[in-house]
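See structure below.
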Amino acid sequence: MACEPIKISAVPASAVTVTFDRFPSGDLIKSDVILKGSEFLGDGILVAGSPESSYCSRATAAAVRTYGSSANLLTTADPSNVEECNNILLKIQFASPAQSVTRKFIGATPTYTMKAYDDRGALLGTVQQDAVFGDGTFKISYSSLSTNIDHVTFGRRSAITAVTAIVYGE
């Protein structure tokens with residue numbers, strides 16, 4: 001009697017997708033909103049602006065921008081003026097560590113960078129994605145060998161950072 005090999009199926013990783021048309025409470029986002037950072041904690045993320053050095057250091061909050069019928073965008077902003085400081089790094093911290101992170105974004109023409117860090121602030125890795133203005137939505141992803149991504153930064157100082165969705169999971 002021949003033995004059949006044991007087949008082991010991989011368990012699909014759980015993933016959370018965060019978009020910015022509604023708050024986790026279900027309330028619609030209808031206009032420009034300056035965030036304190038914890039509004040999406042129900043989705044497992046904290047949002048912040050992360051200025052490089054002293055450049056636009058007043059951008060301590062982030063904003064959700066709405067543009068008619070198009071997707072709402074998560075971006076950085078000056079808390080006193082949503083039109084300013086939209087081109088600094090956007091920082092997303094996870095309530096529980098993640099193994100993979102994908103950001104969907106609308107871009108201009110430069111190369112955008114996402115960096116992943118562990119809970120001690122050590123850099124786990126860097127990924128980059130080119131964008132072409134007016135050419136749609138782009139994705140940038142990073143995966144770790146273990147579930148240890150505490151936070152990621154994303155953006156480019158010379159271009160508006162406009163995230164349409166964040167997908168993360170174990």
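The values are calculated or read from the model by the stated rules, or taken from the named source; none is laboratory data. All values reported here derive from a predicted model rather than from experimental measurement. SASA here: full protein model, heavy atoms, side chains in, ligands and nucleic acids out. Shrake-Rupley method; radii C 1.70, N 1.55, O 1.52, S 1.80 Å.
For the range 57-170, take the alpha-carbon Rg, divide it by the Kirkwood Rh, and send me Rg/Rh.
When Rh is taken as the Kirkwood radius, the ratio is 0.96.
On the protein heavy atoms, probe 1.4 angstrom, tell me the percent of accessible surface of the chain carried by carbon and sulfur.
Ligands and nucleic acids excluded, carbon and sulfur reach 51 percent.
If you count only protein heavy atoms with a 1.4 Å probe, what accessible area per residue comes out for the chain, rounded to a whole Å²?
Ligands and nucleic acids excluded, the result is 55 Å² per residue.
Using θ = phi - 60° and the Karplus form 6.51 cos²θ - 1.76 cosθ + 1.60, what ³J(HN,Hα) does each residue of the range 99-110 get, whole Hz, x for Gly and Pro?
9, 9, 9, 10, 10, 9, 8, 9, x, 9, 10, x
Return the inverse of the average 1/r over all pairs of distinct C-alpha atoms in the range 28-97, which is the Kirkwood hydrodynamic radius, in Å to one decimal.
Kirkwood hydrodynamic radius for the range 28-97: 12.3 Å.
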